[in-house]
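> Here's a structure for you.
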Amino acid sequence: MNNRVAAGNDRAYWLATMLRIADPVIKALASRKLRATMPVENKKEEQLQYSHLEAFARTLVGMAPWLERSAQDVEEEKLRVRYGELVRAAIDAATDPESPDFLNFSHGMQPIVDTAFLANAILRAPNTLWHRLDSRVQGNLVKAMKATRTRKPGFNNWLLFAAMTETALGVMGEDWDTMRVDFALKQHEQWYLGDGMYGDGPHFHADYYNSFVIQPMLVDIIEQVQGHYEDWAGMRQNILIRAQRYAAVQERSISPEGTFPVIGRSLAYRFGAFQSLAHIALRRELPEGVAPAQVRCALSAVIRRLIEAPGTFDEAGWLKIGLCGHQPELGETYISTGSLYLCSAVFLPLGLTADDEFWQGADAPWTSQKVWSGQTVAIDKALS
């Protein structure tokens with residue numbers, strides 16, 4: 001498999017892949033046919049309650065930066081505008097109590113999670129996903145988000161889900177619970193373990209939840225709330241420094257072949273495992289010695305390796321459970337079709353303009369390619 005992609009083609013490939021993943025979800029929900037058409041693999045009564053909101057919110061959390069920034073290419077801009085319209089129609093369908101696709105925000109625990117991913121998408125694209133909604137849809141969206149307040153999140157990364165929803169409500173001009181935000185920020189400070197890594201609750205878990213949830217949500221929350229309290233402002237620098245270090249670790253974990261360690265739970269989120277690295281690239285804050293082009297090439301290799309594996313999609317284009325192809329044994333009991341769409345989080349750098357260094361830099365080997373081909377590489381060192 002050729003894992004190197006010409007720099008001029010990477011953006012087009014990423015965009016086509018993101019839309020290939022997103023199309024079934026966004027188009028079905030925009031036409032109020034998501035429940036009627038989306039298959040739910042690992043179908044249980046519980047998953048049937050949650051899977052549709054999972055699919056929508058997780059797709060948006062990765063698409064949002066692209067939806068928010070005007071494209072320089074005329075054809076890409078037409079696509080962006082069209083998908084903005086589709087997504088706003090989908091938000092309407094998802095939050096309208098009269099819609100056949102009115103999604104579940106109020107029953108069970110899982111909606112706490114995916115309302116937060118939807119909230120995170122709003123923070124990443126406030127103009128597209130909030131300000132351009134009409135007042136009726138805005139009202140329905142706010143009501144849906146506030147419905148999650150009736151339940152208590154778990155004492156782990158879930159604290160950030162409650163905090164993210166409250167943060168977005170504040171940005172949207174609604175009443176928001178600063179205590180939920182404060183508790184999540186302060187508790188994760190207690191769970192910081194060192195060298196850019198947080199525990200998922202009181203204990204360390206060898207998995208990708210620092211990337212699926214913890215690091216990106218901490219960064220996005222603190223950027224929005226830092227101005228409200230002095231102690232929050234004081235936390236910002238450490239949160240960003242740790243996220244940069246974790247991004248460096250993530251870049252080094254991508255093998256020369258575009259694979260990565262198969263460890264921990266939720267591997268069926270595929271390349272969503274690299275949200276944190278993609279997020280730091282989007283922010284143009286990659287750590288010293290990690291060039292944007294090498295991150296582009298590394299992530300392109302991972303995306304190609306996984307998305308082109310036979311069995312990744314069903315005949316209608318919906319994702320199937322697995323990491324490299326269809327591997328239903330890798331789906332935990334909480335995993336169903338909708339869960340898989342967190343893979344979209346890898347596409348955050350599409351929010352950078354096409355002339356950005358991330359897209360225009362000449363192809364460059366990533367760290368493991370350099371090491372395993374005998375090239376000179378700087379010594380890695382822990383974060384002090």
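> Within the set of pairs 6 or more residues apart or between chains, which connect a residue that is farther than 17 Å from Gly108 by Cβ inside the range 139-163 to a residue that is open to solvent by less than 50 Å² (accessible area, probe 1.4 Å) and of a type in the set (Phe, Trp, Tyr) with Cβ atoms less than 9 Å apart?
Leu141/Trp130; Lys143/Phe105; Asn156/Trp191; Asn156/Tyr209; Asn157/Tyr198; Asn157/Tyr209; Asn157/Phe212
> A further question on this structure: I'm told Gly170 meets every condition in (1) touching a strand residue (DSSP E or B) at 6+ places or on another chain (Cβ under 7 Å); (2) within 28 Å of Val142 (Cα to Cα) except one. Can you identify the failing condition by its number?
(1)
> Any idea how many residues of the range 308-344 are of a type outside the set (Gly, Ala, Ser), outside any strand (DSSP E or B) and open to solvent by 10 Å² or more (accessible area, probe 1.4 Å)?
Here is the first cut: in the range 308-344, the ones of a type outside the set (Gly, Ala, Ser) are 308, 310, 312-315, 318-321, 323-324, 326-330, 332-335, 337, 340-343.
Within this subset, residues satisfying the condition of being outside any strand (DSSP E or B) are 308, 310, 312, 314-315, 318, 320-321, 323-324, 326-330, 332-335, 337, 340-343.
Okay, now just the ones that are also open to solvent by 10 Å² or more (accessible area, probe 1.4 Å), so 308, 310, 314-315, 318, 320, 323-324, 326-330, 332-334.
Matching residues across the range 308-344 total 16.
> Something else: Here is a check on your reading of the model: is Tyr50 closer than 20 Å to Gly351 by Cα, open to solvent by 10 Å² or more (accessible area, probe 1.4 Å) and in a helix (DSSP H, G or I)?
Working: closer than 20 Å to Gly351 by Cα: no; open to solvent by 10 Å² or more (accessible area, probe 1.4 Å): yes; in a helix (DSSP H, G or I): yes.
No: the conditions fail for Tyr50.
> Further question on the same structure: Is it true that some residue in the range 170-185 is buried (at least 18 other Cβ atoms within 10 Å of the Cβ), part of a loop (DSSP other than H, G, I, E, B) and touching a helix residue (DSSP H, G or I) at 6+ places or on another chain (Cβ under 9 Å)?
Yes - at least one qualifying residue is present in the range 170-185.
> State which residue pairs qualify: first residue over 17 Å from Phe161 (Cβ atoms) and inside the range 196-219, second residue in a helix (DSSP H, G or I) in any location, beta carbons under 6 Å apart, and separation of 6 or more residues or different chains.
Pairs found: Gly196/Arg242; Gly196/Arg245; Gly196/Tyr246.
> Further question: Taking the range 164-181, which residues are hydroxyl-bearing (Ser, Thr, Tyr) and under 17 Å from Gln110 (Cβ atoms)?
Pass one, the range 164-181, residues hydroxyl-bearing (Ser, Thr, Tyr): 165, 167, 178.
Thr165 - this is the single residue of the range 164-181 that is hydroxyl-bearing (Ser, Thr, Tyr) and under 17 Å from Gln110 (Cβ atoms).
> Could you say whether any residue in the range 73-85 is among the hydrophobic types (A, V, I, L, M, F, W, C) and open to solvent by less than 30 Å² (accessible area, probe 1.4 Å)? Explain how you work it out, then say what you get.
Kept after step one, since they are among the hydrophobic types (A, V, I, L, M, F, W, C), are these residues of the range 73-85: 74, 79, 81.
Adding the requirement that they be open to solvent by less than 30 Å² (accessible area, probe 1.4 Å) leaves none.
There is no residue in the range 73-85 that is among the hydrophobic types (A, V, I, L, M, F, W, C) and open to solvent by less than 30 Å² (accessible area, probe 1.4 Å).
> Would you please list the contacts, defined by Cβ atoms under 6 Å and residues six or more apart or on different chains, that run from a residue in the range 345-368 that is in contact (Cβ under 8 Å) with a residue 40 or more places away in the chain and surrounded by 17 or more Cβ atoms within 10 Å (Cβ to Cβ) to a residue that is of a type in the set (D, E, K, R) and assigned to a loop (DSSP other than H, G, I, E, B)?
As it stands, the answer is Gly351/Arg69, since those pairs meet every condition given.
The values are calculated or read from the model by the stated rules, or taken from the named source; none is laboratory data. These figures come from a predicted structure and were not determined experimentally. All Cβ positions, even for glycine, are placed from backbone atoms using ideal geometry, and neighbour counts span all protein chains on display. Areas reflect the complete protein model, heavy atoms only, side chains present, ligands, DNA and RNA absent. Shrake-Rupley method; radii C 1.70, N 1.55, O 1.52, S 1.80 Å.
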